[in-house]
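No value in this document is a laboratory result; all are computed from the given coordinates. Owing to the predicted nature of the structure, the values given are computational and were not obtained by experimental measurement. Methodologically, a virtual Cβ is constructed for each residue, glycine included, from the backbone with ideal geometry; neighbour enumeration extends over all protein chains shown.
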Amino acid sequence: MGIKFEVHRASIELAKGYRQVQKAGKEFAKGKVDSGVKHLNKAQDEFGSASDNIAKAEDHAVAKAGTEIDKGKSELAKAIAEYEKGHSDAAEMHFDNALDDFDKALDIID
């Protein structure tokens, strides 16, 4: 699953968990302790799922940012090699590509 999907899914689970807490409060107000506890248990499950999805999104973001950094490092190495050969146009192209890759990584982790 993608990062945005996992974050979206987590927000839905948070909303479901919050709703269960509200239901639990209403049940407790009516003196229905067992029913209130059941709603709190459901809320706890939803919050746990939300936490898991946020962790997955974070893992995917880190991996994606790492990939962009690796691409940037590769382009930077190519730029250096081209400068050493005296090919400044090719070096500049690889340098610009490296900057683009590093920018993508920063956007992901920002």
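Tabulated data for the structure shown
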{"item": "Among Glu92, Glu68, Glu84, residue whose mean-square fluctuation peaks in a GNM of the chain (springs only between Cα atoms under 10 Å)", "result": "Glu84"}
{"item": "The range 1-42 versus the range 53-110: alpha-carbon centroid distance in Å", "result": "42"}
{"item": "Calculated P(r) tail over 14 Å for the range 2-52, as whole % of Cα pairs", "result": "49"}
{"item": "28 Å Cα-Cα threshold exceeded, pairs from Lys4/Lys42; Lys16/Lys71; Lys16/Lys56; Lys78/Lys104; Lys56/Lys104", "result": "Lys16/Lys71"}
{"item": "GNM result for the chain, Cα springs below 10 Å: residue of Gly25, Gly86, Gly36 fluctuating most strongly", "result": "Gly86"}
{"item": "Whole-number percent relative contact order across the range 11-100, with pairs defined as alpha carbons under 8 Å at least 6 apart", "result": "22"}
{"item": "Label-point separation in nm, His87 to Lys16, each point 7 Å along Cα→Cβ", "result": "5.4"}
{"item": "Cα principal axis extents for the range 1-89, largest first, Å", "result": "82, 16, 15"}
{"item": "Label zone at Asp59, where the point sits 7 Å out along the Cα-to-Cβ direction: the range 68-110 residues whose backbone N lies under 11 Å", "result": "none"}
